[in-house]
Amino acid sequence: MTCEHARALFSDLADGRLGAPERAACKGHLAECAECRGEWQGFQRMLGLLRTLPRLRAPAGFAERVLAAAGPAPWPRRMLRRLFVPLPVKLPLEAAALILIVGAVYLVQRTPEMQRAVQLQAPAPAPEETLARSEQPSAPRAAAREMRAARAPASPPPPPAPSTARDDAAAKRREQTLDAKAYAPAEGKPAPRAAEAPPAAARTTEPAPGVLGQPALRHRATSSEAEAKAGVEKFLAVAPPTLSGRLAVADPAGAERKLAELMGTLGATELGRRRVGDATVIELELPRSAWPEFSRALATLGAWTPEGVVPTGGPDRMRVVVRLSR
Amino acid sequence: MAYQHRVFAVACRMLGSRAEAEEVAQEVFLRVHRSLADFRGEAKLSTWLYAITSRLCLNRLASGERRMARGRQTEETLSDLPSAEGDAAARLEQKEIETALHRAIGELAEERRILVILRDVEGLSYEEIAQALQLSLGTVRSRLHRARLDLKDKLEKLMP
């Protein structure tokens, strides 16, 4: 064994970690090499001195101070710790959540469709407000007529019906399209409160599409027409249909034409039309008194499957949604 | 609090100051108090305490808060150690030896100092040291041997 090797084993020899052969070899070298023996003795003396160092003791009152400090932290510190510790994890998450909330609020403020969706949750108006609204001039009716005229017709316009007293009454009722009572749901629940009219600055801008996806009016709307349009769209957005149903037909195009004729005959008003997959969804409004005849006529057009029944009572005019498909 | 003296002793020998050692020791026990539910019992409680103490001392020495030069393990901070029994000459000699030892330990690099303190002063086994410091057994063995050789050289210079 070399001197370097022997001296490298001093710690293991002192701690009893050498196997028997290595221990014997190391001790054999120490017995022969005076220099290594001197080093080994110095090594042992050093270890002996270390082990004689006196034990250090904690100062008096240390345990009490620790126990006092271990009490619960004040609630603000605990709350801050819960909110922000660990910093690398919680701070980015909280910052991201804040950005999402601010972004969502900004979007709602800036997007008219989302604002309307939020307004759907608004509580019902007071009865006085509803009556006051019903006394407004007929500009909304004119706007409703404009909307129907501007929509690209999917079927040829219905032929002019012969003039009868019944037609006159129906025409009169058409004039009351936006009667305040029509806003009230059939079961007598309070009508939802309509949203505020668009601000004056927005009245002359390009109007947004209707709720049912009607194409936007292309001409520059005047302030009264814009109010009327807004009123119709609010009606569409907030008033639920009285009845919905599915009409399965062999010839959808032909059925649409006949349905248009039927609406003209019974004094119904088409409120909107859109395509949903293979079906055409037509939303119309008709006098409640004309419903029996309308439903019989639907049954002759195809297989009419209503969803629910027409509730008794309710407003004079009812909204019907017909889903027309093969 | 049964381990308060051991924790304090390790911190005091590492940091060379009783005041700092008390701060660190208090922090050790507060951390244990907060994390006791997480202690899985895979190691001895004493090993866990030594691990926290060693880590806090090494962090403190490595941080900028403390600018104590290596080796300035001040004699006055450890001067109130209990003196040896016996006559005055023996006590004086013992005091000189202890002072030289404290100074030599303080002059060791922190990574080697902690090994000498845990093994030769506190009496931990190689395995316990490896677990506390999260080192391999081979690293503990080689690093401890280097630390002891360094300490021997320094002592021989201080006490020829």
Fill in: Unmet criterion (only one of (1) of a type outside the set (A, V, I, L, M, F, W, C); (2) more than 22 Å from B:SER17 (Cβ to Cβ); (3) facing chain A (nearest Cβ under 9 Å)) for B:HIS102
(2)
Worksheet item: Applying the selection to the range B:13-26, what residues are within 9 Å of chain A (Cβ to nearest Cβ) and either modelled with pLDDT under 90 or within 19 Å of A:ALA69 (Cβ to Cβ) (or both)?
Response: B:ARG18, B:ALA21, B:GLU22, B:ALA25, B:GLN26
Fill in: Flag if A:PHE43 is over 60 Å from the mean Cα position of the chain (by Cα), within 14 Å of chain B (Cβ to nearest Cβ), of a type outside the set (A, V, I, L, M) and open to solvent by less than 70 Å² (accessible area, probe 1.4 Å)
yes
Worksheet entry | Scope the range A:233-251; condition at pLDDT 90 or above and in contact with a helix residue (DSSP H, G or I) (Cβ under 8 Å, 6 or more places away or on another chain); matching residues | A:GLY245, A:LEU247, A:VAL249
Practice prompt. Check B:ALA109 against each of (1) within 12 Å of chain A (Cβ to nearest Cβ); (2) under 15 Å from B:SER54 (Cα atoms) and name the one condition it does not meet.
Written response: (1)
Worksheet entry | Residue identified as over 29 Å from A:GLY313 (Cβ atoms) and either within 33 Å of the chain's Cα centre (by Cα) or open to solvent by less than 20 Å² (accessible area, probe 1.4 Å) (or both) among A:ALA268, A:ALA253, A:ALA279 | A:ALA279
Discussion item. Among (1) buried (at least 16 other Cβ atoms within 10 Å of the Cβ); (2) in a loop (DSSP other than H, G, I, E, B), there is one condition A:VAL321 misses while meeting the rest; what is its number?
Written reply: (2)
Discussion item. Which numbered condition in (1) within 14 Å of another protein chain (Cβ to nearest Cβ); (2) surrounded by 10 or more Cβ atoms within 10 Å (Cβ to Cβ) is the only one that A:ARG82 fails?
Written reply: (2)
Fill in: Scope the range A:106-120; condition β-branched (Val, Ile, Thr) and open to solvent by 80 Å² or more (accessible area, probe 1.4 Å); matching residues
A:VAL118
Practice prompt. Output the residue which, of all residues in the range A:290-303 that are closer than 20 Å to A:LEU271 by Cα and touching a residue at least 24 places away in the same chain (Cβ under 8 Å), is surrounded by the most Cβ atoms within 10 Å (Cβ to Cβ).
Written response: A:LEU298
Worksheet item: If we only count helices (runs of 4 or more DSSP H) wholly inside the range B:73-160, which ones have 1 or more residues that are in contact with a Leu (Cβ under 8 Å, 6 or more places away or on another chain) and modelled with pLDDT under 90?
Response: B:88-107
Worksheet item: Looking at the range A:1-35, which of its residues are in a helix (DSSP H, G or I), open to solvent by less than 50 Å² (accessible area, probe 1.4 Å) and within 14 Å of another protein chain (Cβ to nearest Cβ)?
Response: A:ALA6, A:ALA8, A:PHE10, A:SER11, A:ASP12, A:LEU13, A:ALA14, A:CYS26
Item to complete: Filter the range A:46-79 for residues that are more than 7 Å from chain B (Cβ to nearest Cβ), part of a loop (DSSP other than H, G, I, E, B) and either charged (D, E, K, R) or under 15 Å from B:LEU155 (Cβ atoms) (or both) and give the result.
Response: A:THR52
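The values are calculated or read from the model by the stated rules, or taken from the named source; none is laboratory data. In this text, all values refer to a predicted model and were calculated from it rather than measured experimentally. Please note: Cβ atoms are built from the backbone with ideal geometry, for glycine as well, and neighbour counts cover all protein chains shown. To get the accessible areas, we keep the full protein, side chains included, count just its heavy atoms, and leave off ligands, DNA and RNA. Shrake-Rupley method; radii C 1.70, N 1.55, O 1.52, S 1.80 Å.
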